[in-house]
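A short write-up of the structure that comes next.
The values are calculated or read from the model by the stated rules, or taken from the named source; none is laboratory data. Treat the numbers as computed from the prediction; the structure is a model and nothing was measured. As a convention, Cβ positions derive from the backbone with ideal geometry for all residues, glycine included, and neighbour counts pool all protein chains shown.
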Amino acid sequence: MTQKAAQAETEPKYQCCFCGSTIERGARLTLEIPHSDGSSQGLASHIACFEERLHPSVPFMRPEAEATPTV
Ligand SMILES: [Zn+2]
């Protein structure tokens, strides 16, 4: 914490941990990885990128697809 953030953006930019692209607002989820010292690391990803990597047997309901029948 020796210097202020160089980017004076109104919104923080999140980088997808899967594809590396900037995540637009609303399409983001956060993965929290607990560390042994009690802290945690937050990783952001696109909802779509996360879904792509899920095993097919995992039921996943996309926020924007709630009204879509699953079968
Ligand atoms: Zn992504």
Notebook entry, point to check: Among the residues of segment 33-52, which ones are closer than 19 Å to ARG62 by Cα and acidic (Asp, Glu)?
Noted result: GLU51, GLU52
Check: So which residues in segment 16-42 are loosely packed, with under 10 Cβ neighbours inside 10 Å and out of contact with any Pro (no Cβ under 9 Å at 6 or more places or on another chain), if there are any at all?
Finding: GLY20, ARG25, GLU32, ILE33, PRO34, HIS35, SER36, ASP37, GLY38, SER39
Notebook entry, point to check: GLN41 versus (1) modelled with pLDDT of 95 or more; (2) in contact with a strand residue (DSSP E or B) (Cβ under 7 Å, 6 or more places away or on another chain); (3) of a type in the set (S, T, N, Q): which is the lone unmet condition?
Noted result: (1)
Item checked: Within segment 34-49, tally of residues that are within 16 Å of the ligand (Cβ to nearest atom) and either without any contact (Cβ under 8 Å) to a residue 24 or more places away in the chain or more than 14 Å from TYR14 (Cβ to Cβ) (or both) -> 3
